[in-house]
């Protein structure tokens with residue numbers, strides 16, 4: 001093996017390079033854990049917008065009711081599969097960034113089954129809400145997020161801090177890729193049964209024909225007398241909060257990258273200064289500056305790669321544990337792999353390597369072997 | 001002529017003073033010669049050696065080796081040229097601390113490293129690191145590193161200055177043995193180590209004061 005190989009240097013000087021390796025490893029780990037969590041949280045919240053891949057909501061603009069002619073116009077559009085009369089109903093959903101409202105679809109029994117078919121949802125446990133009752137069925141992720149079980153009741157009559165007037169009871173748990181909540185249209189629409197029904201604005205769920213949601217949304221956006229809530233708006237609503245958090249954490253990450261790169265570059269420079277005799281003699285006995293430069297770059301690259309690999313392994317181990325123990329049991333289906341944290345963490349060794357290389361080039365260029373040899377005698 | 005220097009000058013200047021470390025030296029060295037360069041401290045003998053070896057660029061004048069002028073070579077090309085033709089030994093061994101003796105020799109180039117360590121009687125230090133060896137052993141390993149590529153010329157700058165007399169004798173004996181048939185230039189202030197030298201150059205104040213066959217030692 002070449003005695004001047006980076007591997008030989010790294011193996012024989014492991015204690016010397018250990019502080020820099022530890023610093024880099026822990027910073028890479030931190031970046032992976034923080035960014036994977038934040039980026040994953042956004043993705044896991046975007047899961048709640050999946051239903052809008054199949055349908056959009058239309059609300060009245062000025063009144064509490066949608067004109068019948070308008071509903072007929074919507075129903076007649078070629079991209080529309082079905083228009084479902086619905087009402088407003090939501091649950092308070094606990095998330096890591098605080099409670100957010102999650103809208104249930106008030107529908108008749110046959111329409112509930114149709115909506116479930118469209119989003120590949122199945123009844124996992126219990127039953128679907130009976131017509132004219134305050135029963136609801138919720139997706140399992142919503143149940144986990146709130147820590148609820150079957151039979152749980154919610155609403156202002158149960159907890160005055162709740163946002164939904166009345167009292168509702170969970171009778172069914174749904175499963176499938178798309179979080180969905182269902183309740184009885186007949187109950188919410190009947191002022192004799194549900195005292196707050198007059199205050200609940202009308203809405204229709206406009207379900208597109210398969211694969212024609214974009215066409216449907218384009219058409220709905222052109223309607224003068226109605227407001228539309230579609231995929232774009234729901235994604236915007238979720239993203240706004242997360243994008244601000246991500247912006248802050250990206251700033252923190254970039255600052256961290258610059259500071260740590262400078263520190264590691266500085267440590268690297270100290271190593272170089274400590275080895276100046278070695279470089280002087282190698283230069284004197286005929287090794288070119290280009291070869292010495294390649295040698296130092298190789299050694300630094302080995303250290304950076306090792307730190308990055310260790311940091312990634314540690315980071316994903318910590319994140320995996322956090323995800324498995326804390327997030328998933330709370331109904332936060334955060335994805336494990338995310339490209340962003342990988343790229344940002346890779347920037348750390350890359351910038352540190354760049355900084356180290358630039359400073360070493362300068363030192364090597366100025367290196368006069370005779371001056372060193374004469375000084376050492 | 002193997003190695004030739006013409007009107008070599010090396011001048012150090014600062015705002016107030018000008019020092020002529022080497023002042024108009026011309027000389028020629030033939031293949032196989034053992035040349036000693038003697039002189040008091042500050043006489044310019046080491047500077048002359050560095051100029052002849054291409055480790056320093058002269059302020060004026062020219063050095064040629066096998067008809068190649070150093071001045072015509074770029075920095076990296078000159079380093080390759082040194083590596084191809086020259087070996088170096090310094091007062092300090094300058095062994096790399098994290099490499100074993102064998103690896104230090106291999107850092108000097110490919111060659112019969114193992115055999116050389118045996119020839120220099122440091123084969124027992126083969127797998128030792130510099131901090132595990134005596135001063136004499138380290139200097140002999142540095143000789144092995146200098147000659148591993150069988151260079152045409154070996155330049156030695158005070159190779160025994162940091163050794164006691166018995167070790168100095170042993171190191172010089174080893175050096176003579178492994179450079180036999182080759183050209184050897186040794187800078188020293190100790191004339192006794194130049195036993196067997198074909199020429200002795202005396203430096204004074206940067207000038208070549210004498211170029212003589214060795215005197216009795």
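The values are calculated or read from the model by the stated rules, or taken from the named source; none is laboratory data. Since the model is a prediction, treat every value here as computed from it, not as a measurement. Reconstructed Cβ throughout: ideal geometry from the backbone, glycine too, with neighbour counts over all protein chains shown.
Of all the numbered requirements in (1) surrounded by 15 or more Cβ atoms within 10 Å (Cβ to Cβ); (2) without any contact (Cβ under 8 Å) to a residue 40 or more places away in the chain; (3) closer than 30 Å to residue B:163 by Cα, residue B:115 misses one, and that requirement is (1). Note on region A:178-222: residues that are in contact with a helix residue (DSSP H, G or I) (Cβ under 7 Å, 6 or more places away or on another chain) and either at pLDDT below 90 or assigned to a loop (DSSP other than H, G, I, E, B) (or both) amount to 10.
Here residue A:92 fulfils each of the conditions (1) out of contact with any helix residue (DSSP H, G or I) (no Cβ under 6 Å at 6 or more places or on another chain); (2) at pLDDT below 95; (3) in a helix (DSSP H, G or I) apart from (3).
So which of B:150, B:140 ends up being within 21 Å of residue B:34 (Cα to Cα) and either touching a strand residue (DSSP E or B) at 6+ places or on another chain (Cβ under 6 Å) or not in a loop (DSSP other than H, G, I, E, B) (or both)? I'd like the intermediate steps shown before the answer.
Numbers: B:150 fails: either touching a strand residue (DSSP E or B) at 6+ places or on another chain (Cβ under 6 Å) or not in a loop (DSSP other than H, G, I, E, B) (or both).
Of B:150, B:140, the one residue that is within 21 Å of residue B:34 (Cα to Cα) and either touching a strand residue (DSSP E or B) at 6+ places or on another chain (Cβ under 6 Å) or not in a loop (DSSP other than H, G, I, E, B) (or both) is B:140.
Determine, yes or no, whether residue A:128 is under 26 Å from the mean Cα position of the chain (by Cα) and either within 20 Å of residue A:175 (Cβ to Cβ) or at pLDDT 90 or above (or both). Working first, answer last.
On the way: under 26 Å from the mean Cα position of the chain (by Cα): no; either within 20 Å of residue A:175 (Cβ to Cβ) or at pLDDT 90 or above (or both): yes.
Judged against the criteria, residue A:128 is not a match.
Is it the case that residue A:78 is modelled with pLDDT of 90 or more, over 25 Å from the mean Cα position of the chain (by Cα), part of a loop (DSSP other than H, G, I, E, B) and on the phi < 0 side of the Ramachandran plot? Answer is yes for this residue.
Considered as a group, the residues in region A:14-54 that are without any contact (Cβ under 8 Å) to a residue 12 or more places away in the chain and within 14 Å of chain B (Cβ to nearest Cβ) include one that is surrounded by the fewest Cβ atoms within 10 Å (Cβ to Cβ), and that residue is A:15.
Checked against (1) over 18 Å from residue B:36 (Cβ atoms); (2) within 13 Å of chain A (Cβ to nearest Cβ), residue B:164 passes all but condition (2).
May I ask you to list the residues in region B:84-123 that are in a loop (DSSP other than H, G, I, E, B) and more than 14 Å from chain A (Cβ to nearest Cβ)?
Restricting attention to region B:84-123, the residues satisfying the condition of being in a loop (DSSP other than H, G, I, E, B) are B:90-100, B:108-112, B:120-122.
Residues satisfying the conditions are B:112, B:120, B:121, B:122.
Could you list, in sequence order, the residues of region A:82-93 that are within 18 Å of residue A:108 (Cα to Cα) and surrounded by 18 or more Cβ atoms within 10 Å (Cβ to Cβ)? A:83, A:84, A:86, A:87, A:88, A:89, listed by residue number. Being crowded, with 21+ Cβ neighbours inside 10 Å, modelled with pLDDT of 95 or more, more than 22 Å from residue A:45 (Cα to Cα) and out of contact with any helix residue (DSSP H, G or I) (no Cβ under 6 Å at 6 or more places or on another chain), is that true of even one residue in region A:104-124? Yes, some residue in region A:104-124 is crowded, with 21+ Cβ neighbours inside 10 Å, modelled with pLDDT of 95 or more, more than 22 Å from residue A:45 (Cα to Cα) and out of contact with any helix residue (DSSP H, G or I) (no Cβ under 6 Å at 6 or more places or on another chain).
Taking region A:359-375 as the range and being more than 10 Å from every other protein chain (Cβ to nearest Cβ) and either free of Cβ contacts under 8 Å to residues at least 60 places away in the same chain or outside any helix (DSSP H, G or I) (or both) as the test, the residues that pass are A:362, A:366, A:367. Evaluated against (1) in a loop (DSSP other than H, G, I, E, B); (2) touching a residue at least 24 places away in the same chain (Cβ under 8 Å); (3) out of contact with any helix residue (DSSP H, G or I) (no Cβ under 6 Å at 6 or more places or on another chain); (4) more than 13 Å from residue B:4 (Cβ to Cβ), residue B:57 falls short on exactly one condition, (2).
Might you let me know whether region A:109-125 holds any residue that is part of a loop (DSSP other than H, G, I, E, B) and more than 27 Å from residue A:218 (Cβ to Cβ)?
Let us first name the residues in region A:109-125 that are part of a loop (DSSP other than H, G, I, E, B), namely A:119-121.
After this cut, where a residue has to be more than 27 Å from residue A:218 (Cβ to Cβ) as well, the list is none.
Taking every residue of region A:109-125 in turn, none turns out to be part of a loop (DSSP other than H, G, I, E, B) and more than 27 Å from residue A:218 (Cβ to Cβ).
In the set B:120, B:175, only one residue is touching a strand residue (DSSP E or B) at 6+ places or on another chain (Cβ under 7 Å) and surrounded by 24 or more Cβ atoms within 10 Å (Cβ to Cβ); that residue is B:175. For residue B:51, state whether it is outside any helix (DSSP H, G or I), within 13 Å of chain A (Cβ to nearest Cβ) and surrounded by 22 or more Cβ atoms within 10 Å (Cβ to Cβ). No: the conditions fail for residue B:51.
Out of curiosity, is residue A:145 in contact (Cβ under 8 Å) with a residue 24 or more places away in the chain, crowded, with 21+ Cβ neighbours inside 10 Å, more than 28 Å from residue A:83 (Cβ to Cβ) and touching a helix residue (DSSP H, G or I) at 6+ places or on another chain (Cβ under 7 Å)? I'd like the intermediate steps shown before the answer.
Values: in contact (Cβ under 8 Å) with a residue 24 or more places away in the chain: yes; crowded, with 21+ Cβ neighbours inside 10 Å: yes; more than 28 Å from residue A:83 (Cβ to Cβ): yes; touching a helix residue (DSSP H, G or I) at 6+ places or on another chain (Cβ under 7 Å): yes.
Against the criterion (in contact (Cβ under 8 Å) with a residue 24 or more places away in the chain, crowded, with 21+ Cβ neighbours inside 10 Å, more than 28 Å from residue A:83 (Cβ to Cβ) and touching a helix residue (DSSP H, G or I) at 6+ places or on another chain (Cβ under 7 Å)), residue A:145 qualifies.
Scanning region A:63-72 for residues being in contact (Cβ under 8 Å) with a residue 12 or more places away in the chain and loosely packed, with under 15 Cβ neighbours inside 10 Å gives a total of 3.
Of all residues in region A:255-293, how many are within 12 Å of another protein chain (Cβ to nearest Cβ) and not in a loop (DSSP other than H, G, I, E, B)? The number of residues fulfilling the criteria is 16.
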